[in-house]
Amino acid sequence: MRIEGNDQRLAAATASQMQQTGVQQVLAPKAAQQKETQKNGTENAVQSIAGDKVSINVELTKNTVDTLQKMGNISDFLNSVATNLRQTNEGLKATSSIVEDMKVSLNKVINKSPPYSLVDKERVEQLMTYSSLKKQIMSMMVPAPPPPIYENVKHLWEDLFSGSGNTIQTPTLPSDAPTSHVNAAAKQLDVISNQIGLVQESVTNSVLRP
């Protein structure tokens, strides 16, 4: 079943990948929807993005479509998916930004020439800033994408959010951590940053097709 229409909220869900492309969602006539439902065992709820002709697809079983039609909630369902995707995308962007800030603090320590001593005030401050950012990462609860999308990225999502309480596990560094530990932590942050990017890309690829 193809549902076309106007809904700007979904644009925000994929803003970083689509450079603020407007998303439109228009409901097809209910009678036409029911006719299509009778023909197909599994249906596609599709939102078309104006201009780029990119479709966002949500797989719905025939029973689910029948139930939504009876309740008049197909539009509400699609809006809910769009809202959840936006929240996931915003959470991933915020997390990525904090990880980048953590890398900046460590790079200031790593790239200092001549190197800081372990008790240098500026070095200690940079590592304390890092620890503060780590606490922010641990307190963030990024909502997973909605079930139609989550199943496609589940393994990547669970690898990224493998810390306690489904948080991202970042390295712990005391203020007097040796430079070798700081270097190792910076490399681990690079891995985490790449993981976040892969999750973002995979979520996008799961909901968008040319």
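Values quoted throughout were computed directly from the atomic coordinates according to the rules given, and no laboratory measurement underlies them. Given the structure is predicted, the values throughout are model-derived calculations rather than measurements. FYI the Cβ positions are ideal-geometry reconstructions off the backbone, even for glycines, and counts take in every protein chain you see.
Okay, here's what the table says:
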{"read-out": "Cα-based Rg of the range 86-209 normalised by 2.2 N^0.38 Å, two decimals", "value": "1.18"}
{"read-out": "Charge tally in the Cβ shell below 13 Å around Val124, where Lys, Arg are +1 and Asp, Glu are -1, Val124 excluded", "value": "0"}
{"read-out": "From phi via Karplus (6.51, -1.76, 1.60), per-residue ³J(HN,Hα) for the range 121-138 in Hz, x at Gly/Pro", "value": "4, 5, 5, 4, 5, 5, 6, 5, 4, 4, 4, 5, 5, 4, 4, 4, 4, 5"}
{"read-out": "Estimated FRET transfer efficiency when R0 is 22 angstrom, pair Glu100-Asn166 (beta carbons, to 0.05)", "value": "0.55"}
{"read-out": "Residue-wise HN-Hα coupling along the range 85-98, computed from phi with Karplus coefficients 6.51, -1.76, 1.60 (Hz; x: Gly, Pro)", "value": "5, 4, 5, 4, 4, 5, x, 5, 5, 5, 5, 4, 5, 5"}
{"read-out": "Modelled FRET efficiency - R0 22 Å, Lys93 with His155, Cβ distances, 0.05 increments", "value": "0.55"}
{"read-out": "Vicinal HN-Hα couplings computed from phi for the range 184-191 (Karplus, 6.51 cos²θ - 1.76 cosθ + 1.60; Hz; Gly/Pro x)", "value": "5, 5, 4, 5, 5, 5, 4, 5"}
{"read-out": "Nearest-0.05 FRET efficiency for Met138 and Lys112, computed from C-beta distance (R0 30 Å)", "value": "0.65"}
